[in-house]
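Here the structure is laid out as structure tokens; the discussion comes afterwards.
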Amino acid sequence: MLILSIPARDPHYLRASWESRPATEMNINAHVKQLMGLDDAALAAGEATPKPKDQLPADGEVGGMPLKIDLALVCPKFEKGMRLKEIDELGVQADILTKKSHLLNYFGPNPEASRTYFADEVAVMDMLHDKPHDNIVKCLGLVVKKGYIIGIVLERYPESLARRCADKTRPLDIDIGKCIKGIADALVHLHDQGYCHNDVKPDNIMLKADGTPVLIDFDSCLPISQVLGKGTTPGWRDDASKTSSVKNDWLGLALVEEHLRKACLASSPE
């Protein structure tokens, strides 16, 4: 888990350190492996055990040296005139999810790309603030530190369509027509605003308690005809597509419907 603090003398930086967590939950890269005391052989054997917490560097230190992450490289600025309001960090709440800029990407080869994807999602959420839709995730506001957006505060939903389809412990009683129509309505609403989602798949569709489908994850969402950035997901896309297009969305939805029908058929008693 990344621990964040803002040094008083360096207000435009975050300081970071690591705490122990299961290796299976980590985005393993060379920096993480070195810090956590993991090695490739142990990881390959599935026997990796991170260092105990008392052996890890103190907050703000990595290998005994302070680590400063320039907010400008990983987080977009909070601009005057934005529709979304600043809100305080809300912590863990059952009905709230805070999606944060992935600071691990600071150590990657292209931190600017990660910042751009996060900024794209912020822009779409801001645009939709005055144009909400029942089948699109509701954004409650932005977590802002020293003028930079570090988190998007969203409504939380019980489960994704992907998880629901994979659950073999209960019958898959989803109303297919209602689910597909709800996401289709969400896509039409987006298209009417001049945007395409570009990553329609079961993982990006959440289900409310009453079964209402909700489209989430807008970091691939761009104005129509703009060159794709993060792009779509293999297996749920037209591999030849290079731009933001309604075709991407309708193809993704058709594949979701096919996946859902197969899952419902497999769940039905023989």
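In this structure, is Asp219 in contact (Cβ under 8 Å) with a residue 24 or more places away in the chain and surrounded by 19 or more Cβ atoms within 10 Å (Cβ to Cβ)?
yes
When the stretch 158-189 is examined, which residues are found to be hydroxyl-bearing (Ser, Thr, Tyr) and over 21 Å from the mean Cα position of the chain (by Cα)?
Across the stretch 158-189, the qualifying residue is only Thr169.
Here is a check on your reading of the model: is Ile224 farther than 23 Å from Lys262 by Cα and in the same structural domain as Trp236 (by TED's automatic domain parsing)?
So Ile224 fits the description; yes.
Residues of the stretch 107-151 being among the basic types (Lys, Arg) and in contact with a strand residue (DSSP E or B) (Cβ under 9 Å, 6 or more places away or on another chain), which ones?
If the condition is that a residue be among the basic types (Lys, Arg) and in contact with a strand residue (DSSP E or B) (Cβ under 9 Å, 6 or more places away or on another chain), then Lys138, Lys145, Lys146 are the ones that fit.
Checking His189 against (1) farther than 13 Å from Asn135 by Cα; (2) in a helix (DSSP H, G or I), which single condition isn't satisfied?
Unmet for His189, out of (1) farther than 13 Å from Asn135 by Cα; (2) in a helix (DSSP H, G or I): (1).
How many of the residues making up the stretch 225-263 are in contact with a helix residue (DSSP H, G or I) (Cβ under 7 Å, 6 or more places away or on another chain) and more than 13 Å from Leu161 (Cα to Cα)?
Within the stretch 225-263, residues that are in contact with a helix residue (DSSP H, G or I) (Cβ under 7 Å, 6 or more places away or on another chain) and more than 13 Å from Leu161 (Cα to Cα) number 9.
The values are calculated or read from the model by the stated rules, or taken from the named source; none is laboratory data. The structure displayed is predicted, hence computed values, not measured ones. Neighbour counts are summed over all protein chains in view; Cβ atoms, including those assigned to glycine, are modelled from backbone coordinates with ideal geometry.
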